[in-house]
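Here's the structure, in structure tokens; my notes come after.
Bear in mind these aren't lab numbers, they're just calculated from the coordinates by the rules spelled out. These figures come from a predicted structure and were not determined experimentally. Heads up, the Cβs are rebuilt from the backbone with ideal geometry, glycines too, and the neighbour counts pull from every protein chain shown.
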Amino acid sequence: MMRPRITSILIVALLSCSGCGSGCGREIRGDGAARPTTPAPTTMPPTPSTTALAVKQEGKHRLYRPRRWEVGDVATTDATTVITGRMIEITADGRQSRLPTTKETVRATWIEKAVDVDDDGRRTRYLVALRAWARTQEDTRDESVAGTSLAVSGTGAARTWSFVERGPEPTAEATTWLDGRFGSHGLSEEQWLRIMLPDDQDVAVGESWSPDPVLLGDEMAKSGLTIDRGDVAATVTLEAIEGGAARCSFKGKLGLLRIPNSDVALSKGVMTFEGEMSVSLEPAPLAVSTLRRRATLEGETTKNDAITRYDFASDDRWTTTPGGDFAEPERER
């Protein structure tokens, strides 16, 4: 009875780590406060001629800067997440049995429109049109929230979403996905950029840096992970400047002490991640235009002298583009 629940918890943890795209949001500020966030640029990326504005002296570039929204800004996101899971049970006498591999795929396309922003350019309310959404697992296909419209409001832990037009009742799995992408759960893109990009220095192509492990651990812990604070590390490298964007590679790991979002002790627990992302340079707003992130979650649990080994992996890809054909839902007109 415990196994299916733990399997779903691990899948949720990897969904949280894989990033919430444009809806999840809390951007970390220097004073510890929170901000709404989005991954999508809402103005066109700079042309090669404007790229020179982002080049600092000695060929260095400023990567991180605060994001400002304007009412009416629209952005489109296409995202795909594939999660696979393998488990092995080892009895007290050493016998092993491999449980069936699980695989879950979520593909989605949505368009966002900023409705209200505060004086600092932070979104306080926006609309979402889920043009396409499908979750598949084995022979099961779930499209329960495809074509729906959402209203998202609030910031940080108070961030909420609701359906604008009454539609089909979403499945539990669809609701979990919506909570991760448009609620307060999970790691938002602006959180991710605030952690991974240096905000106090310009960097040159080929240069690497180490994000603050305390900040990384704190933000990942908000997704329900119990972190081994002595086993947190990450490295980011500016690989190239391409068409007004900075292409960065990254890798990191976090030691885990429990099954995420549970009290079940996890031995040999570790989450690793690595991948590449392209982020816009000045004068365009800071945003991720493309991202490929792979994460793994491994560890063991023990019950009645039997050991269960977990090996889960996620592959998350998304692209975001400014603009899009946003047709406002009837209730919001």
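Electrostatic tally near A146: other residues with Cβ closer than 11 Å to its Cβ, Lys and Arg +1, Asp and Glu -1, net +2. FRET efficiency for the pair K303 and A158, taken as 1/(1 + (r/R0)^6) with r the Cβ-Cβ distance and R0 = 35 Å, rounds to 0.40. With label points built 7 Å along Cα→Cβ from the Cα atoms of E89 and R125, find their separation and express it in nm. According to this spin-label approximation, the distance is 5.2 nm. Using only the C-alpha atoms, the convex hull of the range 114-206 corresponds to 160 Å³ per residue.
Taking trypsin sites (Lys or Arg not before Pro) across the range 72-178, the ones in a DSSP loop with at most 14 further Cβ atoms lying within 10 angstrom of their Cβ are R95, R166.
Could you tell me which of the pairs K222/K251; K268/K303; K60/K222; K251/K303 are separated by over 23 angstrom between their Cα atoms in the structure shown? From the list (K222/K251; K268/K303; K60/K222; K251/K303), the Cα-Cα distance tops 23 Å for K60/K222; K251/K303. 3J(HN,Hα) along the range 211-225, derived from phi through the Karplus expression 6.51 cos²θ - 1.76 cosθ + 1.60 where θ = phi - 60°, amounts to x, 4, x, 5, 5, 4, x, 4, 6, 5, 5, 5, 8, x, 8 Hz, with x in place of Gly and Pro. Against the compact-protein benchmark of 2.2 N^0.38 Å, the Cα-based radius of gyration of the range 167-249 scales to 1.40.
Simple spin-label estimate for E143 and T237 gives 4.3 nm between the two label positions (7 Å along the Cα-to-Cβ direction from each Cα). Here the extension length gained between A172 and D325 equals 52.2 nm, from 0.36 nm per residue of separation less the Cα-Cα distance.
Distance between the 7 Å Cα→Cβ label points at R68 and L215: 2.1 nm. For K113, the aspartates and glutamates whose Cα comes closer than 13 Å to its Cα, not counting residues fewer than 8 places off in the same chain, are E70, D73, D325, E328, E332.
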